[in-house]
Protein chains: 2
Amino acid sequence: MFSQIISAINNSKKIIILPHKSADGDCLGSAFALKLMLQNIGKEVVVLLEEKPFPRICNILFGVEDECEIDNDLVICVDCGDKARLGDRISFFEKCCSTINIDHHPTNTNFATHNYVNSTAAATGEIIFELAQYMNIEIDQKIATNIYIAIASDTGGFSYSNTKPQTHRIAAELLETGFDNASINQFLFDSNSMTRLMLMKEALNSLEVYANGKIAIVSITEEQMKNIGAEEDDAGGLISLARSLDTAKISLCIKEQNDGKEVKVSMRSNVIDVSQLSQKFGGGGHIRASGCTINADIKTAKAMLLSEIEKQI
Amino acid sequence: MFSQIISAINNSKKIIILPHKSADGDCLGSAFALKLMLQNIGKEVVVLLEEKPFPRICNILFGVEDECEIDNDLVICVDCGDKARLGDRISFFEKCCSTINIDHHPTNTNFATHNYVNSTAAATGEIIFELAQYMNIEIDQKIATNIYIAIASDTGGFSYSNTKPQTHRIAAELLETGFDNASINQFLFDSNSMTRLMLMKEALNSLEVYANGKIAIVSITEEQMKNIGAEEDDAGGLISLARSLDTAKISLCIKEQNDGKEVKVSMRSNVIDVSQLSQKFGGGGHIRASGCTINADIKTAKAMLLSEIEKQI
């Protein structure tokens, strides 16, 4: 499977790498690792991001620089399930006659000339590691750091169920290059802005439990967001505080938006099917993680949700 | 080095395993893994803990049962740096003529008949894994789970600088047995009691920063502890909230105790030597993590500490 991709790379001189939009750690770590790898074999390579300014994680990746469009004879999409996730950069993809798609999403649409999709890989970073080995490109400390960031990001620091024996074996090889893994992990998993800490405080202040602690709910108002000076992004993942309650079977985060006209609800559960639950309110998602938007204030939405959940728990 | 230990094990029939007092995940995971290993080769084995009730982590370890003293011909101390850490169970050690000491603490005093101390191991669990291989004992899913819990506990889920390539290689072998690593990691790193969440809320409510965010301080009063119904143990690690602030160069947790007569101070820094700082207040510890007790109220202690820190930052 790699052989076609390697031929296409060997036949090219100028390469554009495209991570998916709303680029995350796996996607960016993989993209910049691949850039350094291909530069090391004499290619001219740029990574083009949809986002400006660059996401925060770019501060710890190697090979990041402000890059502009180049004449190119190859486009490589990384960690990108379908063409729509290329956003405004789709023009680079559409106008290039040779395209590669390297990904681990099971829903990947095989949209490129050459596709390498391995959904058993915990992260696209694992595939980039294997590609380097296959191409006999030395994985130096910078490349290793980028790949480690990719894999650590998508496995929650080797904690999620997608972490396989092979994931740890690759991590072992990467650590052999001697980079400072502790600093990376602190940056990725143990670092908060003041805005974030203030939102965590508000979320904990709002924490309510029902059904003997089986239901845990946090909520955030627009006024709190405004007072703290928080952006939409800062509020992501606050549900994890509710989810961490050891008695909770289902957790919710209810966030006011659109001038109080509606709330955005996130749901997590290891016990009940929150995909079905969110569908009752016009939303959707996975069995264990889903969401919906309800045209009501926080208090009303909470009562509506509780009345449904209490039937099931 | 293992050969003497294996001889002693082979020459014994009834074995007592002693984890250190205030037993943690590495110590208990290692102890119960070793118990299962030695049972599998026909030994009668008990693990005796100092603590009753058993620490929370025993809920996810295999081989845990309420065990009483047995006649024994071998005592194995696990993860225990010196005899004092055996607490009241030292009598079992003192009256047994054959004793083994398996540990990874560099300060280990080699206090037993046979000592195996490897301070390059991230966790004693790594040594137990290697011992099983050396003794040719199959590492089944239960043993693997216990060892994984040991290693994950002492490496902060493979995130600390003690995590070496070998640590990941061992994790890979353990995962091959197919246990549910995600549930273990959630239990270890992403699970809070309501008491704990309430303490986190109070700590965040108390968060203050100085010197343009370089100094972050959280504090907890005895009244808050009492209102929440929190025990001493629940308050451990609250400093990590202050430490997580991305601008913080030094973080402090100041906790009132002894009817307001004094405060216990924890300090963390990657920039200044908090060992020296705490020594100025009669405390001690490591360069990056230390503590002291100050005979003052929170406000006064904070002023005293700030005046010292601001000289250095």
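For region A:23-127, the calculated P(r) over all alpha carbon pairs, in 10 Å bins from 0 to the bin holding the longest distance, is 15, 50, 34, 2 percent. Ordering B:Val45, A:Val47 by the number of other Cβ atoms within 10 Å of each residue's own Cβ, fewest first, gives A:Val47, B:Val45. Could you estimate the translational diffusion coefficient of region B:174-216 from the Stokes-Einstein equation, with Rh from the Kirkwood formula over C-alpha pairs, at 10 °C and 1.306 mPa s, in whole µm²/s? Value of D from the Cα-based Kirkwood radius: 118 µm²/s. Annotation: the antiparallel percentage among DSSP beta bridges lying fully within the protein assembly as shown is about 45. Computed over the alpha-carbon atoms, region B:251-313 gives an Rg to Rh ratio of 0.95, Rh here being the Kirkwood radius from the mean inverse distance. The Cα trace of chain A gives Rg and Dmax of 21.5, 64 Å, the first to one decimal, the second as a whole number. Beta-bridge orientation, chain B: approximately 45 percent antiparallel, per DSSP, counting only bridges with both partners inside. Distances between copies at B:Lys83, taken between label points 7 Å from Cα along the C-beta direction, are 7.7 nm in increasing order. Just tell me the longest site-free run in chain A, where the sites are trypsin sites (Lys or Arg not before Pro) in a DSSP loop having at most 14 other beta-carbon atoms within 10 Å. With trypsin sites (Lys or Arg not before Pro) excluded where exposed in loops, chain A gives A:96-260 as its longest stretch. Sorted shortest first, the separations between the B:Glu262 label point and its copies elsewhere in the assembly read 5.8 nm; each point sits 7 Å from Cα along the Cα-to-Cβ line. When the C-alpha to C-alpha distance is required to be over 24 Å, the pairs from A:Lys164/B:Lys142; A:Lys255/B:Lys226; B:Lys43/B:Lys95 that qualify are A:Lys255/B:Lys226. Look at A:Asp82, B:Asp103 and count the other Cβ atoms within 10 Å of each Cβ; fewest to most, that gives A:Asp82, B:Asp103.
Using every pair of separate Cα atoms, the Kirkwood estimate puts the hydrodynamic radius of region B:194-312 at 14.1 angstrom. With N as its number of residues, region A:110-238 has a Cα radius of gyration that, divided by 2.2 N^0.38 Å, comes to 1.41. When the charge dipole of chain A is built from unit charges on Cβ atoms (+1 for Lys and Arg, -1 for Asp and Glu) and taken about the Cα centre, the candidate among A:Ala122, A:Gln39, A:Phe93 whose Cα reaches farthest toward its positive end is A:Ala122. Remark: label point of A:Pro53 defined 7 Å out from Cα along the Cα-Cβ vector; separations to the same position in other copies 4.9 nm, ascending.
Over all orientations, the protein assembly as shown has a Cα convex hull whose mean projected area works out to 30.7 square nanometres.
The long axis of helix A:124-135 is offset from the longest Cα principal axis of chain A by roughly 10 degrees. Think of each Lys and Arg Cβ as +1 and each Asp and Glu Cβ as -1; about the Cα centre, that makes the dipole of chain B roughly 820 debye.
Computed 3J(HN,Hα) for region A:96-111, one whole-Hz value per residue from the Karplus formula 6.51 cos²θ - 1.76 cosθ + 1.60 where θ = phi - 60°, is 9, 7, 10, 9, 10, 10, 10, 7, 10, 6, x, 8, 4, 8, 6, 8, glycine and proline marked x.
Only the coordinates and a few stated rules stand behind these numbers; no lab work does. Predicted model only: the values in this text are computed from it and were never measured. Note: ideal-geometry Cβ built from the backbone for every residue, glycine included; neighbour counts use all protein chains shown.
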